[in-house]
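Presented below is the structure to which this report refers.
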Amino acid sequence: RIALYKGTLERETDRDSRRRLFHTMAALQRGDLQDPAAAMKTLALSLHEDPDDGAAAEALAELYEQHEMWPHAAAVLEALLARAPEDPGAHVMHARLGALAARAGDAEGAVRHCRSLLEAPSGQDLDLAERVAEEMRHAGLLADVMRVRAASATSSGDKSRWLARLGEAEMTTDSRAAAVTFKEAARLADESGDPEQARVLYEKVRKLSPF
């Protein structure tokens, strides 16, 4: 059957028909023939011929992910995102690429995509960005996440806790900013009825600003 499809592909000149043939061949190779490597090659050929073939890109990225070929999957999706950066699905793509980049050990890529998510984040986006920041040991991204969390907190106690974590992240690069953040976190802790937490936070302020 594959030989038949290849023969048809050699004769076919219509773009849409060629796209369908590539998809059919890849599905057969991936399914009945259990040959994921061949399916990857077929989908890559389809994308080479038609970079706007989103279905082929998604199928190829999925195959790469299934076989833990994280950098390959990320490269395919990066190219797809670059061709339609304002697409409604771009936000979801940034989340997917942030997770993939982290798995591939690409700290720069993971942070870049997570920061794109923070422009209009959901709770899941914040959880992902926080996890990536911790895995990549990236204080800057962690601070960005904590600022967003603190800004959206609905109680003094919650805001104090997020600001306390922001202060910890800021300590690695800017002790003066950390002191200001800890001071506000302490005030909010006191306001929320947690004097012990306020005391701990004011002690951090004192250590960072002894004079």
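Points to keep in mind about this one:
- Hits in segment 27-43 - residues which are closer than 19 Å to ALA73 by Cβ and either surrounded by fewer than 18 Cβ atoms within 10 Å (Cβ to Cβ) or of a type in the set (Ser, Thr, Tyr) (or both): ALA27, ASP35, PRO36, ALA37, ALA38, LYS41, THR42
- Test for LEU141: is it under 26 Å from GLU184 (Cα atoms) and open to solvent by less than 50 Å² (accessible area, probe 1.4 Å): yes
- As a summary of the residue check, LEU118 satisfies the conditions (1) more than 24 Å from HIS23 (Cβ to Cβ); (2) among the hydrophobic types (A, V, I, L, M, F, W, C); (3) crowded, with 18+ Cβ neighbours inside 10 Å except for the one numbered (3).
- Restricted to helices (runs of 4 or more DSSP H) entirely inside segment 146-211, those with at least 1 residues that are surrounded by 19 or more Cβ atoms within 10 Å (Cβ to Cβ) and under 27 Å from the mean Cα position of the chain (by Cα) are 156-170, 175-191.
- Any hit, segment 9-28, residues being under 29 Å from the mean Cα position of the chain (by Cα), in a loop (DSSP other than H, G, I, E, B) and of a type outside the set (A, V, I, L, M): no
- Whether a residue is open to solvent by 70 Å² or more (accessible area, probe 1.4 Å), more than 22 Å from GLU108 (Cα to Cα) and part of a helix (DSSP H, G or I) was assessed, and ARG131 does not pass this test.
- Matching residues, segment 3-26, being open to solvent by 30 Å² or more (accessible area, probe 1.4 Å), touching a residue at least 12 places away in the same chain (Cβ under 8 Å) and not aromatic (Phe, Trp, Tyr): LYS6, THR8, ARG15, ARG18, ARG19, HIS23, THR24
- Residue within segment 68-78 that is exposed (fewer than 14 other Cβ atoms within 10 Å of the Cβ) and either assigned to a helix (DSSP H, G or I) or under 23 Å from the mean Cα position of the chain (by Cα) (or both) present: yes
The values are calculated or read from the model by the stated rules, or taken from the named source; none is laboratory data. Everything numeric here is computed off the predicted structure, so don't read it as measured data. Quick reminder, even Gly has a Cβ in these numbers, built from the backbone with ideal geometry, and neighbours come from all protein chains shown. Surface accessibility is based on the protein's heavy atoms, side chains included, excluding ligands, DNA and RNA. Shrake-Rupley method; radii C 1.70, N 1.55, O 1.52, S 1.80 Å.
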